[in-house]
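Just below is one structure, and these are the notes that go with it.
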Amino acid sequence: MEKLDLDWSKLASITTDGAPSMVGETRGLIGRMNRELEKRGLTAPLRVHCLIHQQALCCKVLTWDSVMKVVVSCINFIRAKGLKHRQFQEFLSELESTHGDVLYYTEVSFLPNLLGVIMSVVTSSLSGDQEKKLLSLFGHVRLSLLYKASVQGYTAAAFHARCDSQGPTVVAAYNKAGFLFGAYTSKDYTQNGQPINDDKAFLYSINDERKKALRVSSANGQYGFTNGNTGPNFGTLVFLFNNTATVQYNAGNGYNFEAADMHGDDLQLTECEVYRVEDVGGRLTKPWRNMQWTAERKRQLKEKIQNYKSDVKSVSQVRVLLVGPVGAGKSSFFNSVNSVFRGNMTSQAICGSAGTSLTTQFRTFTIKSGKSGEPIPLILCDTMGMEEASGAGLDMEDIVNIYKGHVQDRYQFNPITPLSEDVPGYRKHVSLKDQIHCVVYVVDACRVSLMSTKMLEKFAAIRKKTNQIGIPQLVLLTKVDEACLLVSEELQNVYLSHYIQRKIQELSASLGIPVSGILPVKNYSQELELNQDTDILLLSALDQMLNYADSFFENQL
């Protein structure tokens with residue numbers, strides 16, 4: 001304290017590892033500190049036993065089973081099914097968790113052995129090159145780790161407990177010779193004791209020396225595997241043989257190959273994994289919606305939007321209301337559109353990831369063409385996000401007041417009481433230019449299949465009220481690049497993606513919006529430079545909003 005010239009009066013607490021030399025009343029650090037504080041007429045500080053040290057002490061007395069059974073059970077429950085896994089990821093997102101998935105890594109150094117095992121549970125052993133070569137054997141798929149022998153055990157029972165009835169799967173076996181080899185089947189493991197025909201089944205081998213994976217189909221083109229209670233039994237290769245880290249090789253039994261090419265004559269395994277193979281849809285032969293991806297098309301769209309004029313002389317700017325669940329990307333959409341017209345990245349609207357809405361005010365955002373240019377004839381209105389809980393998020397009465405033009409810019413939403421005439425922020429005298437001319441629902445493409453019944457009911461209630469008032473409606477499907485690997489690789493694939501097409505059809509059925517009224521977009525989130533393809537999707541969405549607003553104005557004439 002004296003050496004560092006610290007103020008004794010500001011000492012609030014002392015954290016120790018609980019050792020006698022620290023907490024002893026006579027010779028311990030805390031005892032000596034307390035006596036010094038008493039001399040100075042100061043209050044003794046709080047005493048805290050370091051949480052990290054407490055956990056380290058617990059680790060010394062806990063058996064592996066008492067910890068690992070719970071850990072492995074929880075992680076397997078989360079990752080065993082694609083739906084559960086995605087729901088867990090969304091749950092973390094809503095909590096603003098530092099991690100977006102099951103915890104892979106921690107900087108805290110305590111419990112190193114336990115964390116090493118946990119990391120091996122949730123982390124694939126595939127290198128980037130191995131994964132790329134393995135994925136090349138399929139169409140557009142995702143691999144979800146179901147079983148890891150070094151953690152769950154090199155036993156048939158452990159394998160079947162995690163891999164039975166999981167649909168298409170692929171075995172990934174590793175050896176010291178540097179080979180990754182295994183087998184794929186499109187059928188379920190069910191332990192019925194019967195040989196299973198599967199014309200899609202194959203064996204494969206990957207190593208650093210080959211540029212492409214070796215792929216071997218069955219000798220008769222029909223045999224897949226034997227559906228017994230052993231490890232994965234593909235006739236020629238039986239993995240986890242006799243509940244050990246070995247593979248049994250039965251030459252010519254179902255599949256024909258050179259042993260050296262398949263596994264380098266090394267049948268001792270350093271690891272064995274099984275992945276679920278989830279189809280995310282392939283590439284269509286022709287786009288299901290035509291789109292021009294040229295610089296000229298971008299210029300035409302910008303010019304058309306900037307020169308737009310409504311048929312109603314009193315309305316110089318179309319007002320579009322963005323409505324959607326928390327985190328769907330409403331504010332990000334405005335920032336992205338604003339960036340397109342400004343020519344650089346902007347972040348005027350507050351956006352991010354949170355469990356509750358980051359937007360708490362009603363905001364009307366004007367978009368300028370260039371830093372000091374003229375505003376374009378469109379205003380994007382942002383609101384609180386929709387939430388599942390009753391009474392949370394945007395209130396129906398507030399939505400109606402927004403539609404009718406009664407809510408002023410920067411009105412602070414009251415989560416308890418909707419806006420009324422006697423509340424500041426209520427615009428009593430309104431005209432057509434103050435009203436909403438088009439409503440756009442914003443939905444995250446990754447959550448189309450995850451929307452709860454309560455959320456769909458809220459959408460239905462808003463849709464019903466919007467139809468009664470007569471406002472045209474569109475849907476923005478955001479984050480299409482995160483939802484589909486094909487689109488992530490090349491944004492121009494968005495209308496060639498069978499997966500995105502399916503999601504739009506699913507969303508159309510859920511919300512009652514025609515497919516023609518659902519527009520896939522990608523918001524800017526981590527980019528530092530504008531992208532032409534992203535801009536074209538965003539501008540096309542704005543163009544459709546203006547077209548739909550024209551329908552609203554025609555009904556007012």
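The values are calculated or read from the model by the stated rules, or taken from the named source; none is laboratory data. Just so you know, these numbers come straight off a predicted model, no measurement behind them. So basically every Cβ, Gly included, is an ideal-geometry build from the backbone, and we count neighbours across all protein chains shown. In case anyone asks, the SASA skips ligands and DNA or RNA and just uses the protein heavy atoms, side chains included. Shrake-Rupley method; radii C 1.70, N 1.55, O 1.52, S 1.80 Å.
May I ask you to say which residue of Ser66, Ser97, Ser73 is at pLDDT 70 or above, of a type in the set (Gly, Ala, Ser) and surrounded by fewer than 16 Cβ atoms within 10 Å (Cβ to Cβ)?
Just one listed residue meets the conditions, Ser73.
Report, by residue number, each residue of the range 238-266 that is closer than 15 Å to Tyr174 by Cβ and aliphatic (A, V, I, L, M).
Leu240, Ala245, Val247, Met262
For Asn344, which of the numbered conditions (1) of a type outside the set (Gly, Ala, Ser); (2) assigned to a helix (DSSP H, G or I); (3) out of contact with any strand residue (DSSP E or B) (no Cβ under 6 Å at 6 or more places or on another chain) fails to hold?
Status for Asn344: all satisfied but (2).
Could you list, in sequence order, the residues of the range 230-253 that are among the small types (Gly, Ala, Ser) and either crowded, with 17+ Cβ neighbours inside 10 Å or at pLDDT 95 or above (or both)?
Gly231, Gly235, Ala245
Quick one: which residue in Lys132, Lys148, Lys176 is open to solvent by 40 Å² or more (accessible area, probe 1.4 Å), of a type outside the set (S, T, N, Q) and more than 23 Å from the chain's Cα centre (by Cα)?
On inspection, the qualifying residue turns out to be Lys176.
Filtering the range 418-462 down to residues that are free of Cβ contacts under 8 Å to residues at least 60 places away in the same chain and of a type in the set (S, T, N, Q), which residue is farthest from Val475 (Cα to Cα)?
Among residues in the range 418-462 that are free of Cβ contacts under 8 Å to residues at least 60 places away in the same chain and of a type in the set (S, T, N, Q), the one farthest from Val475 (Cα to Cα) is Ser420.
Scan the range 486-512 residue by residue and report those that are closer than 18 Å to Asp533 by Cα and touching a helix residue (DSSP H, G or I) at 6+ places or on another chain (Cβ under 6 Å).
Leu486, Val487, Ser488, Leu491, Gln492, Asn493, Val494, Ser497, Ile500
I need the full set of residues from the range 21-42 which are open to solvent by less than 50 Å² (accessible area, probe 1.4 Å) and not in a loop (DSSP other than H, G, I, E, B), in order please.
Val23, Ile30, Gly31, Met33, Asn34, Leu37
Could you list all residues from the range 477-508 that are in a strand (DSSP E or B) and within 17 Å of Trp288 (Cα to Cα)?
Passing the criteria: Leu477, Ser497.
Name the single residue that is most open to solvent (accessible area, probe 1.4 Å) among those in the range 509-532 being in contact (Cβ under 8 Å) with a residue 24 or more places away in the chain and assigned to a helix (DSSP H, G or I).
Restricting to residues being in contact (Cβ under 8 Å) with a residue 24 or more places away in the chain and assigned to a helix (DSSP H, G or I), the top hit is Gln532.
Being open to solvent by 10 Å² or more (accessible area, probe 1.4 Å) and of a type in the set (Ser, Thr, Tyr) is the filter here, so list the residues in the range 533-550 that pass it.
Listed by number, the residues that qualify are Ser540, Tyr548.
Residues in the range 254-271: is at least one within 29 Å of the chain's Cα centre (by Cα), part of a strand (DSSP E or B) and at pLDDT 95 or above?
Yes: the range 254-271 contains one or more residues that are within 29 Å of the chain's Cα centre (by Cα), part of a strand (DSSP E or B) and at pLDDT 95 or above.
Suppose the filter is at pLDDT 80 or above and over 24 Å from the mean Cα position of the chain (by Cα); does Asp398 pass it?
It is true that Asp398 is at pLDDT 80 or above and over 24 Å from the mean Cα position of the chain (by Cα).
List every residue pair whose Cβ atoms lie under 8 Å apart, where the two residues are 6 or more positions apart in sequence or sit on different chains, the first residue falls within the range 468-497 and is over 21 Å from Gly327 (Cβ atoms), and the second residue, located anywhere, is of a type in the set (Lys, Arg) and in a strand (DSSP E or B).
Close Cβ pairs (under 8 Å, with a partner that is of a type in the set (Lys, Arg) and in a strand (DSSP E or B)) amount to Leu485/Arg142; Leu486/Arg283; Asn493/Arg283; Leu496/Arg283; Ser497/Arg283.
On the given criteria, is Glu421 surrounded by fewer than 16 Cβ atoms within 10 Å (Cβ to Cβ) and under 11 Å from His406 (Cα atoms)?
So Glu421 passes the test.
Looking at the range 202-229, which of its residues are surrounded by fewer than 19 Cβ atoms within 10 Å (Cβ to Cβ), hydroxyl-bearing (Ser, Thr, Tyr) and outside any strand (DSSP E or B)?
Of everything in the range 202-229, just one residue is surrounded by fewer than 19 Cβ atoms within 10 Å (Cβ to Cβ), hydroxyl-bearing (Ser, Thr, Tyr) and outside any strand (DSSP E or B), namely Ser217.
Of all residues in the range 108-156, how many are at pLDDT 90 or above, of a type in the set (A, V, I, L, M) and not in a strand (DSSP E or B)?
6
Determine which single condition Arg410 fails, assuming it passes every other condition in (1) within 17 Å of Leu322 (Cβ to Cβ); (2) of a type in the set (D, E, K, R); (3) modelled with pLDDT of 90 or more.
(3)
Is it fair to say Leu546 is part of a strand (DSSP E or B) and at negative phi?
no
In the range 1-20, which residues are open to solvent by 60 Å² or more (accessible area, probe 1.4 Å) and within 20 Å of Leu51 (Cβ to Cβ)?
Ala12, Thr15, Asp17, Pro20
Give me a count of the residues in the range 448-470 that are in contact with a Pro (Cβ under 8 Å, 6 or more places away or on another chain) and either in a loop (DSSP other than H, G, I, E, B) or surrounded by 22 or more Cβ atoms within 10 Å (Cβ to Cβ) (or both).
Residues in the range 448-470 being in contact with a Pro (Cβ under 8 Å, 6 or more places away or on another chain) and either in a loop (DSSP other than H, G, I, E, B) or surrounded by 22 or more Cβ atoms within 10 Å (Cβ to Cβ) (or both): 1 in total.
Of all the residues that make up the range 10-20, how many are assigned to a helix (DSSP H, G or I) and modelled with pLDDT under 85?
The number of residues fulfilling the criteria is 1.
Taking Thr230 as the residue in question, decide whether it is among the β-branched types (Val, Ile, Thr) and more than 32 Å from the chain's Cα centre (by Cα).
Answer is yes for this residue.
So in the range 313-328, with the set limited to residues that are over 22 Å from the mean Cα position of the chain (by Cα), in contact (Cβ under 8 Å) with a residue 24 or more places away in the chain and not in a strand (DSSP E or B), which one is farthest from Asp409 (Cα to Cα)?
Ser314
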